[in-house]
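Before any comments, here is the structure.
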Amino acid sequence: MKDKEVKVLKDQRDRRKRVQRIRTGIITVISVWMVLSIVLTALMCVKIVSLQKQIDILSGRYDDSGDVKNQVTGSSGEDKGVLIQTTDDKDNLAKEGDVHQVYLTFDDGPSEQTNEILDILDDYGVKATFFVNGRQDETSIAAYKRIVDEGHTIAMHSYSHKYSEIYESVDAFQKDFERIQNLIYDTTGVECTYYRFPGGSSNRVSNANMLDYINYLNGQGVTYFDWNVSSGDATSQAFTVDELVENVMKDVVKYKTSVVLLHDANNKTTTVQALPTMIESLQESGAIILPIDENTQVIQHTSIQK
Ligand code: ZN
């Protein structure tokens, strides 16, 4: 009888131990699963952020930031010439008494801001240059026409503005180029001969050999313009109205010819707000504001040395 009781007690102990082991096992599995889930979620968040950034780059949101400086110059090796860095052209440095010629250039339009930009330019009797992308909606078509009708220079900034498409090959570049040139011609009657590369001629985002595209444009008799003064309105830094004006004014004094990078885009409201003060400051400083034409000193980050 005693033995039986002992056995029952032992069985009960064993069962409790088994239950305890199973419970510990389940808790361990759940804990590991929870930790793994947290780690995986964190890793996925990091990945999503990095993918979003790549999408932004490919769609050109980081375009034309004005941060591109001192591009390593490349050599074509053949008779095409040599790419040279021309950002800080010594001949363009202003001396005491020089008149500053300033070209305000707006990239990425037409946008919801275009009409307001045109209104402001009109208020001050100032002409500018619009490096436009291809859009076929009624408002955009009207904007192309208004730009031309009011005496501004209309210029190309690619049709799609998508790096991945434009810089895929010279063929792809040519197709995109013809689309924007034809659209401008069909809507305004202007045979456009000015171009600004998305990201500029020294862009490092595209991983493309810019020499090929520069050669193509040269062959088309098209002049590409970069910029030597950046308002900073496309950088990740959110500049205030005063800072945008200051960014422009501090550089304009350095050069005889300044090509100022600005943006005509839906989210660039600060640029529009800064425009009146920018124009007033430039005019007060004695600078002349002009639209790009055939007499404009060409400003290029990289060019082909003949
Ligand atoms: Zn752009």
Point to revise | Selection status of Gly109, touching a residue at least 40 places away in the same chain (Cβ under 8 Å), small (Gly, Ala, Ser) and assigned to a loop (DSSP other than H, G, I, E, B) | key: yes
Review point. Which number in (1) under 27 Å from Ala94 (Cα atoms); (2) in contact (Cβ under 8 Å) with a residue 24 or more places away in the chain marks the one condition that Asp251 misses?
Key: (2)
Point to revise | Pairs where the first residue, in the range 156-171, is within 12 Å of Tyr216 (Cβ to Cβ) and the second is in a loop (DSSP other than H, G, I, E, B) and at pLDDT below 95, C-beta under 6 Å, 6+ apart | key: Tyr167/Ser206; Tyr167/Ala208
Point to revise | Qualifying positions in the range 113-141 - touching a helix residue (DSSP H, G or I) at 6+ places or on another chain (Cβ under 9 Å) and more than 16 Å from the ligand (Cβ to nearest atom) | key: Asn115, Glu116, Leu118, Ile120, Leu121, Asp123, Tyr124, Val126, Lys127, Gln136, Thr139, Ile141
Practice item. Would you confirm whether any residue within the range 213-225 is in the same structural domain as Gln136 (by TED's automatic domain parsing), within 16 Å of the chain's Cα centre (by Cα) and open to solvent by less than 40 Å² (accessible area, probe 1.4 Å)? Key: yes
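If you check Lys95, Lys90, which single one turns out to be modelled with pLDDT under 95, basic (Lys, Arg) and under 28 Å from Tyr213 (Cβ atoms)?
Numbers: Lys95 fails: under 28 Å from Tyr213 (Cβ atoms).
Lys90 is the lone residue from the list that is modelled with pLDDT under 95, basic (Lys, Arg) and under 28 Å from Tyr213 (Cβ atoms).
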Review point. How many residues are in contact with a helix residue (DSSP H, G or I) (Cβ under 9 Å, 6 or more places away or on another chain), open to solvent by 30 Å² or more (accessible area, probe 1.4 Å) and not in a loop (DSSP other than H, G, I, E, B) if we restrict to the range 187-212?
Key: 2
Check your understanding: In this structure, is Ala274 within 16 Å of the ligand (Cβ to nearest atom) and open to solvent by less than 60 Å² (accessible area, probe 1.4 Å)?
Key -> no
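The values are calculated or read from the model by the stated rules, or taken from the named source; none is laboratory data. Keep in mind it's a predicted model, so treat the numbers as computed, not measured. Neighbour counts run over all protein chains shown; Cβ positions are idealised from the backbone, glycine included. Side chains included, ligands, DNA and RNA excluded: accessible areas come from the protein's heavy atoms. Shrake-Rupley method; radii C 1.70, N 1.55, O 1.52, S 1.80 Å.
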